[in-house]
1. Looking only at region 185-222, count how many residues are among the hydrophobic types (A, V, I, L, M, F, W, C), more than 17 Å from the chain's Cα centre (by Cα) and surrounded by 15 or more Cβ atoms within 10 Å (Cβ to Cβ).
2. With the structure loaded, tell me whether Arg56 is charged (D, E, K, R) and crowded, with 17+ Cβ neighbours inside 10 Å or whether it fails that test.
3. List pairs: first residue in region 140-161 and under 20 Å from Ile120 (Cβ atoms) and buried (at least 20 other Cβ atoms within 10 Å of the Cβ), second residue among the acidic types (Asp, Glu) and modelled with pLDDT under 90 anywhere in the structure, Cβ distance under 9 angstrom, at least six positions apart or on different chains.
4. Between Gly62, Gly16, Gly49, which is within 16 Å of the chain's Cα centre (by Cα) and on the phi > 0 side of the Ramachandran plot?
5. Check region 167-179 and report whether any residue there is surrounded by 14 or more Cβ atoms within 10 Å (Cβ to Cβ), more than 26 Å from Asp108 (Cβ to Cβ), in contact with a Pro (Cβ under 7 Å, 6 or more places away or on another chain) and aliphatic (A, V, I, L, M).
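The values are calculated or read from the model by the stated rules, or taken from the named source; none is laboratory data. Remember, it's a predicted structure, so these values are computed and weren't measured experimentally. Using ideal geometry, Cβ is built from the backbone for each residue, glycine included, and neighbour counts are taken over all protein chains shown.
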Amino acid sequence: MPEVDCELYKLITAAGTDAVEFLQGQLTQDVTLLAEAGQSLAAWCNPKGRVMVTIRLVQMNGDIGLVVPANMADRVIQRLNMYRLRSSVEFGAPSDGWKDLVDEELADPVALIRAGIPTIDQSNSEAYTPHMLNLDKLGAISFRKGCYTGQEVVARTEHLGKSKRRLMHYLADNDAVAVGDKLSDDGREVGTVVNAAGRDLLAVIPIELHDRTLTIGDTTVTPESLPYEL
């Protein structure tokens, strides 16, 4: 396993008889399947269907672990408690205990980018829908379970098949790219960097431009294949 930067993520635990039911009404993933799956990718959306944060769910001896980007941990705890109301669920304070629970690639930002797995944190929260981030292709969305926050928008996009912008992997000719940088096609702005690590980056771009070499200022970015079909 690569050297782990414990500051990348924080672990929040959800315990109580209503933990599964509560999270089922908040997250895009079917939480009832976690006990069998062991861990799974999920997103938490706002009511407009924009992803606030990506989460790795982990089954933990009866409790549920939520591995979230470190800079979102306090915000996630605050909002979870705000929506908890009378549900029998308690959330543990963010800790560094995530590193022994998750797959190796989660500890490596470059590996995540090359796997086409986006990270939504404080730098890009509420900017994209799950379909723009390919979360439907990554098994992070259940279209069979009941309602959850933002579900109406997500379901409409799925049923209409109108996601015109998707996540794409690019390789830059230098490592000066940052989250939020704009990609251009022949001088026309066409997309935004979602994640960047070294020369690898993920960006949301119109689907019809996925095979084109683009630019970010003086930097050239070349499309790389994703390990899944769009």
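1. Here is the first cut: in region 185-222, the residues among the hydrophobic types (A, V, I, L, M, F, W, C) are 190, 193-194, 196-197, 201-205, 207, 209, 214, 216, 221.
This time we only want the ones that are more than 17 Å from the chain's Cα centre (by Cα), so: 190, 207, 209, 214, 216, 221.
Those left that are additionally surrounded by 15 or more Cβ atoms within 10 Å (Cβ to Cβ): 190, 209, 214, 216, 221.
Of the residues in that region, 5 qualify.
2. Working: charged (D, E, K, R): yes; crowded, with 17+ Cβ neighbours inside 10 Å: yes.
Criteria met by Arg56.
3. Close Cβ pairs satisfying both conditions: Ile141/Glu158.
4. Numbers: Gly62 fails: within 16 Å of the chain's Cα centre (by Cα); Gly16 fails: within 16 Å of the chain's Cα centre (by Cα).
Being within 16 Å of the chain's Cα centre (by Cα) and on the phi > 0 side of the Ramachandran plot holds for just one of Gly62, Gly16, Gly49, which is Gly49.
5. Within region 167-179, not a single residue is surrounded by 14 or more Cβ atoms within 10 Å (Cβ to Cβ), more than 26 Å from Asp108 (Cβ to Cβ), in contact with a Pro (Cβ under 7 Å, 6 or more places away or on another chain) and aliphatic (A, V, I, L, M).
Residue by residue, here is whether (1) in contact (Cβ under 8 Å) with a residue 12 or more places away in the chain; (2) of a type in the set (D, E, K, R) holds:
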{"site": "Val58", "(1), (2)": "yes, no"}
{"site": "Ile77", "(1), (2)": "yes, no"}
{"site": "Met82", "(1), (2)": "no, no"}
{"site": "Arg86", "(1), (2)": "no, yes"}
{"site": "Asp108", "(1), (2)": "yes, yes"}
